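To start, the structure itself, in structure tokens.
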Amino acid sequence: MTSKKQPKKKFLQVTRLSSIKTKILIFSLLATLIPSLSMGWYSYIQNRKFLSDKITQEIRNISSQASRELELWHKERVYDVRVFSSSYFVSENLEEILRADAAKIENVVAMGRIRGYLKSVREKFLDYEELMVVDLQENVVATSADQISAVDMPENWLAMAREDRLSSAKSIGTRL
């Protein structure tokens, strides 16, 4: 047993842990470091949580603002298309095309006028890739593109267009 106690005594003597002064110093260091490290770790976790919540809130605010801006942009584009499509120029030439007694040459001239109108509008408003006039059978009557391409309309596009027209009329009626 004396052999086991001697290495312990040698260790205490080498590290000078045998004196009361050293023991108090080590105790005071541990009493200072343990709470400091604990509070530092707790502060880190709380700051991380706070920043995460703050970032989440900022992302919500930004996405909400972006959503409002997109809705406004979309409303402006729908309004533009309504203005373009209700143009006197388009309606008069469509009437001429749809008139049963109109000669073939008059139809071609009227389609050319509508196409010219669509091209000029397309050149002024670069937000639109292509403008076209489509009949009820989904046939392209006139387009601003150089070549007529196939139109992929939703199944209930006509009902959606009529419903939108009615909702627009209702909203105008309620504002008056």
**OP:** Check region 13-23 and report whether any residue there is surrounded by 10 or more Cβ atoms within 10 Å (Cβ to Cβ), at pLDDT 80 or above and assigned to a helix (DSSP H, G or I).
**Re:** yes
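Rundown of residues vs (1) at pLDDT below 80; (2) outside any helix (DSSP H, G or I), yes/no style:
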| residue | (1), (2) |
| --- | --- |
| 122 | no, no |
| 136 | yes, yes |
| 159 | no, no |
| 162 | yes, no |
| 166 | yes, no |
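Condition check ((1) closer than 23 Å to residue 146 by Cα; (2) at pLDDT 85 or above) across all residues:
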residue	(1), (2)
62	no, yes
66	no, yes
76	no, yes
81	yes, no
94	yes, no
115	yes, yes
119	yes, yes
Original post:
Looking at residue 28, is it of a type in the set (Gly, Ala, Ser) and at pLDDT 90 or above?
Top reply: yes
**OP:** State which residue pairs qualify: first residue closer than 23 Å to residue 124 by Cβ and inside region 53-78, second residue outside any helix (DSSP H, G or I) and not polar (S, T, N, Q) in any location, beta carbons under 7 Å apart, and separation of 6 or more residues or different chains.
**Re:** 77/127
Subject >> Matching option when the condition is touching a residue at least 24 places away in the same chain (Cβ under 8 Å) and among the polar types (S, T, N, Q), among 87, 43 >> reply: 87
Original post:
Applying the selection to region 62-107, what residues are more than 34 Å from the chain's Cα centre (by Cα) and over 16 Å from residue 135 (Cα atoms)?
Top reply: 88, 89, 101, 102, 103, 104, 105, 106
Original post:
If you scan region 88-112, which residues turn out to be over 26 Å from residue 162 (Cα atoms), surrounded by 14 or more Cβ atoms within 10 Å (Cβ to Cβ) and not hydrophobic (A, V, I, L, M, F, W, C)?
Top reply: 106, 107
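The values are calculated or read from the model by the stated rules, or taken from the named source; none is laboratory data. Here the structure is a predicted model, which is why all the values come from computation and not from measurement. Positions of Cβ are generated from backbone atoms using ideal geometry, with glycine treated the same way; all protein chains shown enter the neighbour counts.
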